[in-house]
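Have a look at the structure below, then the notes.
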Amino acid sequence: MSVNVRGQRELIADLERRLGKERTQQISDRALKKGAQVFVRELKSQFEAFKDTGASIEEITVSNPMSVAGVRTIKIHWRGPKGRFRIIHLNEWGTVKNPNPRGKGVIARAMRNAENAYRQAVIQAIREGV
């Protein structure tokens, strides 16, 4: 999923000029965390529809904010003792033998469903920070 926001560079430059680079990064990190919480909540609700043991839901993990190619990012991934990260892509895309598993497309559906709520959470976090 990609989003094209116009004036983003100008907005970030203006915030950095007014608040400082460190404070702007703190606000950005807080907004990313709140947005990630919204997405994870939707992702868990989508996974409920086809859960067996619930391991895929339990192992959803949110990373700390990091810079990737100069852009602040949070990664949502599967980490835990049951190793669900190995089979998540099989549920999302299917296999040759099982092209349409019960959980096919739930991550993409969660992204679509959480898009507006994610944006609102990020906007709210930025407003609180400024």
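The values are calculated or read from the model by the stated rules, or taken from the named source; none is laboratory data. What you are looking at is a predicted structure, and each value in this text was computed from that prediction instead of being measured. Cβ placement follows ideal geometry from the backbone for every residue including glycine, while neighbour counts extend to all protein chains displayed. In case anyone asks, the SASA skips ligands and DNA or RNA and just uses the protein heavy atoms, side chains included. Shrake-Rupley method; radii C 1.70, N 1.55, O 1.52, S 1.80 Å.
So R79 ticks every box in (1) touching a Ser or Thr at 6+ places or on another chain (Cβ under 7 Å); (2) among the basic types (K, R); (3) closer than 19 Å to K34 by Cα but one. Which box is left unticked?
(3)
From (1) out of contact with any Lys or Arg (no Cβ under 7 Å at 6 or more places or on another chain); (2) open to solvent by 60 Å² or more (accessible area, probe 1.4 Å); (3) in contact (Cβ under 8 Å) with a residue 12 or more places away in the chain, pick out the condition that doesn't hold for V68.
(3)
Return a yes/no flag: does segment 95-107 have any residue that is surrounded by 14 or more Cβ atoms within 10 Å (Cβ to Cβ), of a type in the set (D, E, K, R) and at pLDDT below 95.
yes
Checking F85 against (1) in a loop (DSSP other than H, G, I, E, B); (2) in contact (Cβ under 8 Å) with a residue 12 or more places away in the chain; (3) open to solvent by 80 Å² or more (accessible area, probe 1.4 Å): exactly one of these is not met. Which one?
(1)
Let's see how each residue does on (1) more than 14 Å from the chain's Cα centre (by Cα); (2) under 23 Å from D52 (Cα atoms):
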site	(1), (2)
K75	no, no
P81	yes, yes
F85	yes, yes
I88	yes, yes
T95	yes, yes
P99	yes, yes
A108	no, yes
Y118	no, no
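Name the residues in segment 30-64 that are surrounded by 13 or more Cβ atoms within 10 Å (Cβ to Cβ), modelled with pLDDT under 95 and either outside any helix (DSSP H, G or I) or in contact with a Leu (Cβ under 6 Å, 6 or more places away or on another chain) (or both), would you?
Once the filter is applied, which keeps residues that are surrounded by 13 or more Cβ atoms within 10 Å (Cβ to Cβ), modelled with pLDDT under 95 and either outside any helix (DSSP H, G or I) or in contact with a Leu (Cβ under 6 Å, 6 or more places away or on another chain) (or both), segment 30-64 yields F50, K51.
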